[in-house]
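Asker: To start, I am sharing the structure in question, which I have written as structure tokens.
The values are calculated or read from the model by the stated rules, or taken from the named source; none is laboratory data. The model shown is predicted, which means the values in this text are computed figures rather than measured ones. We place every Cβ from the backbone using ideal geometry, glycine too, and count neighbours over all the protein chains shown.
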Amino acid sequence: MQKANKAIVVWLFLGCLLIFFMVAIGGLTRLTHSGLSMVEWNLFMGSIPPTSDSDWNILFEKYKQYPEYQLVNFNITLDEFKSIFYWEYGHRMFGRLIGLVFIIPFLFFWIKGKISKDLMPKLLLILFLGGFQGFLGWYMVKSGLIKDPDVSHYRLAMHLTTAFITFAYTFWVALEVWFSKSKRLSHSLRKYLVVLLPLLIIQIIWGAYVAGLNAGKVYNTWPKMGSSWVADGVTAMNPWWLNFVEGLAGVQFFHRYFAYILVFIIAVFYYKARKVSLNRNQKIGANLLVAFVSLQFILGIFTLLYAVPISLGLMHQLGAFLLLGATVYCLNRFSYS
């Protein structure tokens, strides 16, 4: 790595770490049912939390005008409202912090002429993805403030998946700058990773569907769904395909069995990787990949068996994050010398 690029690499890796924490905070916000506690969206205003009883009462009265209070939390006290408010407030403020961490150093590196022509469009894409992620957050919350006190699981999936993609792309760019002297190659095992990455993104999308529909709270047995491998509820809706995007049983079914496909691909990849000569970074990537998919699979089972408690639900979400990071690292190292 060139010395001039060291600061950029540190900056990008810091951004990846902050996105990881942002996903964790977002997961806790969702699992504690706090995401609809802030009913107003002010991009530049509202950075300071309420400081007086009067301010809190104003916010609480605004919250009472929306479906979540009217249909679910109608018995909530002001102190209970404060607890859920702070989760969403922290989520939004951390998002603004990430924006500043990305934008301010970018402007500094640009003014100092440290950004190459090849790197500039990649960094601009990262900034766009970050801004788009903020828009999707507003778009998601808006869906829960109209009639139903739940956000659209489609919009939740868009919001969460964009966060994962932003991390993955930022991580990839950071690795490219870090290993800037590497030469492009096409390792024979790279084809498995090229297939794995989009399939993993699909699994993450369906994981968001499971979360948004609370589909992890039904059929809390493993390996079967109740007493059957395919529960009756999986095919209850018409047309049939709607079961797998809106039906609780169908969405869980897809997420369950698609996991086996990912495990199989990684197992085949790892088996073949042990049969060929790999450099140090490729070995690290392969070992991380099999370690994280094993961890994620086990977490998925226990999260299901215990009907998604907050702790396991969060760990399962972050496990997907680690698995995606390992996949990106592995794909990068099998694409360069």
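Asker: Condition first: of a type in the set (Asp, Glu) and in contact (Cβ under 8 Å) with a residue 40 or more places away in the chain. Can you find one or more residues in the stretch 42-56 that meet it?
Answerer: no
Asker: Against the condition aliphatic (A, V, I, L, M) and out of contact with any helix residue (DSSP H, G or I) (no Cβ under 8 Å at 6 or more places or on another chain), how does LEU331 come out, does it pass?
Answerer: no
Asker: Restricting attention to the stretch 225-249, and to residues there that are closer than 25 Å to LEU318 by Cα, part of a loop (DSSP other than H, G, I, E, B) and of a type outside the set (Gly, Ala, Ser), which single residue is farthest from the chain's Cα centre (by Cα)?
Answerer: Restricting to residues being closer than 25 Å to LEU318 by Cα, part of a loop (DSSP other than H, G, I, E, B) and of a type outside the set (Gly, Ala, Ser), the top hit is GLU246.
Asker: Report whether or not LYS142 is basic (Lys, Arg), farther than 30 Å from PRO67 by Cβ and in the same structural domain as TRP11 (by TED's automatic domain parsing).
Answerer: no
Asker: Going by what's in this entry, would LEU145 be described as surrounded by 16 or more Cβ atoms within 10 Å (Cβ to Cβ), among the aliphatic types (A, V, I, L, M), over 23 Å from VAL177 (Cβ atoms) and in contact (Cβ under 8 Å) with a residue 24 or more places away in the chain?
Answerer: Here the answer is yes, as LEU145 does meet what is asked.
Asker: To continue, here is another question. Restricting attention to the stretch 25-43, which residues are among the polar types (S, T, N, Q) and in a helix (DSSP H, G or I)?
Answerer: Listed by number, the list holds a single entry, THR29.
Asker: Among the residues of the stretch 87-99, write down those that are over 15 Å from ASN73 (Cβ atoms) and of a type in the set (Phe, Trp, Tyr).
Answerer: Of everything in the stretch 87-99, those that are over 15 Å from ASN73 (Cβ atoms) and of a type in the set (Phe, Trp, Tyr) turn out to be TYR89, PHE94.
Asker: The conditions are (1) under 30 Å from LYS64 (Cβ atoms); (2) surrounded by fewer than 17 Cβ atoms within 10 Å (Cβ to Cβ); (3) modelled with pLDDT of 90 or more, and PRO198 fails exactly one of them. Which is it?
Answerer: (1)
Asker: Identify all residues within the stretch 260-319 that are in contact with a Lys or Arg (Cβ under 9 Å, 6 or more places away or on another chain) and among the small types (Gly, Ala, Ser); write none if there are none.
Answerer: Answer for the stretch 260-319, where residues must be in contact with a Lys or Arg (Cβ under 9 Å, 6 or more places away or on another chain) and among the small types (Gly, Ala, Ser): ALA273, GLY285, ALA286, GLY300, ALA307, GLY313.
Asker: Another question about this same structure. Suppose the filter is part of a helix (DSSP H, G or I), touching a strand residue (DSSP E or B) at 6+ places or on another chain (Cβ under 9 Å), of a type outside the set (Ser, Thr, Tyr) and within 22 Å of GLY319 (Cα to Cα); does GLN252 pass it?
Answerer: The answer is yes for GLN252.
Asker: Only one of (1) in the same structural domain as PHE297 (by TED's automatic domain parsing); (2) surrounded by fewer than 21 Cβ atoms within 10 Å (Cβ to Cβ); (3) touching a residue at least 40 places away in the same chain (Cβ under 8 Å); (4) not β-branched (Val, Ile, Thr) fails for TYR169. Which number is that?
Answerer: (1)
Asker: Still on this structure: Test ILE84 against the criterion of being assigned to a helix (DSSP H, G or I), among the aliphatic types (A, V, I, L, M) and surrounded by fewer than 16 Cβ atoms within 10 Å (Cβ to Cβ), and give yes or no.
Answerer: Taking the combined requirement at face value, the residue does not satisfy it.
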